[in-house]
Amino acid sequence: MPVAVTASVLATGLTACGTVQQLSAAQKVSKAFDKVRDGKSAGFTLSIDATPEQVAAFANSGEHKGGKGMIGAARGDGDMDEKTAKAISGLSVSVAISADKPLKDVGAFRDAAKADKNTDLTLDKSVRVSYVLADRSGTALLEYRQVDATGYLHADAKGLVKLVGEDPSVVDELRKGMPEQLKPVGDVLAGKWVSFDLQSLADQAKESDGKKAAAPSAAPTLDPELQNQLLNSIKDVIGRTVTYEDKGKKDGTEHLWVSAPARQLMDEMFKAVKPLSAKFPKQLGDFPDQAPSDVPDRRIGVDLYLKDGAFSSATFDLAQLADKVEPGVNFPVKLAFSQAAPNVQAPADAVKVTDEQLMDAVLGLATAGDDSDDEDPEDLPAAAPLTAAQLKELAALGIPEVRARVYNEAGLTFQDIKEIARTTAPAGA
């Protein structure tokens, strides 16, 4: 979606000025992404389009040797081996969404003005979504679905472990002796689908709205006037720095090359946004004092492909972002789009996870590392163990014993937990 939004803004900015050829290409891009938002379904797949040989060459070239991040971590202190390169090549993340209304009126597609006015937490059951992380063979390693306001999660834990070069038997070891509050985690590790009621979670958030400890922080937003100023500033910079080149048509697919001088674009974008940053919400933090200095001082670009006037795919070579581009070294990633999204169905035999179990599992995972050998026990938060009478009192206030013990082990005192119970109780309780 960031690619779609960015390309749409690029097109809009260039439409205001430019040569006839660029204007025509920009209009094609703008109309192509309008079609995405006007449709009722969409499917996106972001994949590593590099071959195993390209992955290894990129990871083992110059500045990337011993680097951080996914590539650097995978290769360790020596050159990336063939097995690791093959595992990384072809990895993909697929997203499918469908609704009974145009996507521009749904969630992240919705216009900002409409989104700000939508305070209803009732989930739209007509919206179906799926996210899938898959390997080069298409095998799903991690999958999430949303159907009828219910969330479903499934993982191939052993497949994920193998992907990073570890022994899959570690998954079985993790499951052994897993505490009761982490049962949902154990089910996921066992390869079972688990489900949870998204509407119930939304209702809980709605009930706790306005209560001092439980009220969720509002997402930072910009006022409409500032949004327009920001958008116009960005459009102006893009219109002056980004160029569009029509590369022709092949087999009914149009090829466009969109490029810009990277450092100039970043510097001018910074200068345009900086004067407006004083009006940004404080939750966004301080705006940087200067533009990033590590942006390559060269022209970089993305290949866009349109089919029947609609966005089909985009390919970007990550090697363009390297400080030094070695000849023959490429790392292409691809974003493919289909307006006919796959039909998302609820999986059969999913293990239902209650709100209590989900909370206990989250808290259990959050405190699972408290016994780490890397930490000094004296540095860990300490709280007096809860007595039987205190556990009973907390249970009467709506905090089950398992959850109360997890809170306590995380360093919360009886009074702390009691305050949580009071601030999260439904109105009138």
Exercise. Given a cut-off of 26 Å, name the pairs among K158/K352; K35/K324; K104/K192; K35/K235; K86/K158 whose C-alpha atoms lie farther apart than that in the structure shown.
Key: K35/K324; K104/K192
Practice problem: Show the residues, 5+ positions off or on another chain, whose built amide H is closer than 5 Å to the amide H of D135. | Solution: L141
Quiz item: Given a Förster distance of 56 angstrom, what is the FRET efficiency for D297 paired with A384, based on the Cβ-Cβ distance and rounded to 0.05?
Solution: 0.40
Quiz item: Could you give the nm distance between label points at S24 and D323, where each point is 7 Å from its Cα heading toward the beta carbon?
Solution: 4.3
Exercise. Apply the Karplus parameterisation 6.51 cos²θ - 1.76 cosθ + 1.60, with θ equal to phi minus 60°, to every residue of region 255-264 and state each ³J(HN,Hα) to the nearest whole Hz, in sequence, with x for glycine and proline.
Key: 10, 10, 10, 10, 9, 7, x, 4, 5, 4
Quiz item: Calculated FRET efficiency, Q199 and D100, Cβ-Cβ r, R0 22 Å, to nearest 0.05?
Solution: 0.80
Quiz prompt | Derived scalar couplings ³J(HN,Hα) [region 322-329; Karplus, 6.51 cos²θ - 1.76 cosθ + 1.60; whole Hz; x for Gly, Pro] | solution = 5, 4, 10, 8, 7, x, x, 9
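Rule-based calculations on the coordinates, nothing more; no lab input. Every value quoted in this text rests on a predicted model; they were computed, and no experiment measured them. All Cβ positions, even for glycine, are placed from backbone atoms using ideal geometry, and neighbour counts span all protein chains on display.
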